Amino acid sequence: MVQHEGALDDRRSFSEHIVIRLRDAIRSGELADGSELNQIALADRFGVSRVPVREAMRQLQAEGWIDAKRHQRAVVRGIGRERILEILELRALIETFLIEKAVATISGAELTRLGALCDEMDATADHRHWLELNQTFHSALYASANSVTATELLEQLGAQVERYVRSHGEHISREGEADAEHRAILAAVAQRDIAESQRLVQLHIGHTTQRFRESSALR
């Protein structure tokens, strides 16, 4: 039996909505590591059948947010310290690649916006707000690279680490140091200095990696 195209579109939109809501709940810490995701309960919560819920959970599993093995309950996937460190290493490789492309094409208006984001990060005392601004800064810095695949990979990797930065901020927070590093990177980009921009990006991520290595909260 051929399903009506409109029904497929509705199912897909329901599934995408569920993915976004659950992903945000995991990133924010609302759903902690090991939390069970019951398909029946989720279908009731979102007012849908179990079909879009199953599709959403398959996508979340593919993105690394949950474990949903056959004939076993689905749970929020935790990532250990070693995996976080590996993700940060991969992030350094991707950001080094992206910064080279961004330096060649970034506009004066984009540089001005990045400077304003640095000002906002300097001014805020709210850790969660700083994290949001930090994410926006890195996304804006690489937007002009016009590299969709690398940017998507960076977003997925960064989001996996972000929830641990949120929950253990008091142990790994380094806002003031990071703010200074952001401004140094921005200055090198404004000078169109690719080698220096790449060096500073690697140093920036390296300092974050070291803070994770030293954190007793993630052992």
Consider Leu90 carefully, then state whether it is in the same structural domain as Thr209 (by TED's automatic domain parsing) and within 17 Å of the chain's Cα centre (by Cα). yes
Considering Gly169, Gly206, Gly176, which residue is assigned by TED's automatic domain parsing to the domain that holds Ala123, surrounded by 15 or more Cβ atoms within 10 Å (Cβ to Cβ) and either small (Gly, Ala, Ser) or modelled with pLDDT under 95 (or both)? Gly169
Just wondering, is there one or more residues in the stretch 114-131 that are in contact with a Leu (Cβ under 9 Å, 6 or more places away or on another chain), touching a residue at least 40 places away in the same chain (Cβ under 8 Å), in a helix (DSSP H, G or I) and surrounded by fewer than 17 Cβ atoms within 10 Å (Cβ to Cβ)? yes
Within the stretch 144-169, take every residue that is farther than 15 Å from Val201 by Cβ and aliphatic (A, V, I, L, M) and give me the one that is nearest to the chain's Cα centre (by Cα). Ala159
Total residues in the stretch 78-90, condition among the charged types (D, E, K, R) and not in a helix (DSSP H, G or I): 0
Odd one out for Arg11, checked against (1) of a type in the set (D, E, K, R); (2) modelled with pLDDT under 90; (3) in contact with a strand residue (DSSP E or B) (Cβ under 9 Å, 6 or more places away or on another chain): (3)
Residues of the stretch 96-113 being without any contact (Cβ under 8 Å) to a residue 60 or more places away in the chain, within 14 Å of Ile185 (Cα to Cα) and of a type in the set (S, T, N, Q), which ones? Thr112
Hits in the stretch 55-72 (condition: buried (at least 16 other Cβ atoms within 10 Å of the Cβ) and in a helix (DSSP H, G or I)): Glu55, Ala56, Met57, Gln59, Leu60
When the stretch 143-156 is checked residue by residue, the ones that are buried (at least 18 other Cβ atoms within 10 Å of the Cβ) and part of a helix (DSSP H, G or I) are Leu154
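Let's see how each residue does on (1) over 22 Å from the mean Cα position of the chain (by Cα); (2) at pLDDT below 90:
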position	(1), (2)
Ile40	yes, no
Leu60	no, no
Gln72	yes, yes
Gly78	no, yes
Glu100	no, no
Ser107	yes, no
Glu110	no, no
Asp126	no, yes
Phe137	no, no
Residue check for Gly108: surrounded by fewer than 15 Cβ atoms within 10 Å (Cβ to Cβ) and within 30 Å of Arg54 (Cα to Cα): no
Determine whether the stretch 20-30 contains at least one residue that is touching a Ser or Thr at 6+ places or on another chain (Cβ under 7 Å) and either touching a residue at least 60 places away in the same chain (Cβ under 8 Å) or in a helix (DSSP H, G or I) (or both). yes
Given Val103, Val75, which one is not small (Gly, Ala, Ser) and not in a helix (DSSP H, G or I)? Val75
Unique match (being surrounded by fewer than 18 Cβ atoms within 10 Å (Cβ to Cβ) and in contact (Cβ under 8 Å) with a residue 12 or more places away in the chain) among Leu85, Leu93: Leu85
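The values are calculated or read from the model by the stated rules, or taken from the named source; none is laboratory data. Since the structure is predicted, the reported quantities are computational estimates derived from the model, not experimental observations. All Cβ positions, even for glycine, are placed from backbone atoms using ideal geometry, and neighbour counts span all protein chains on display.
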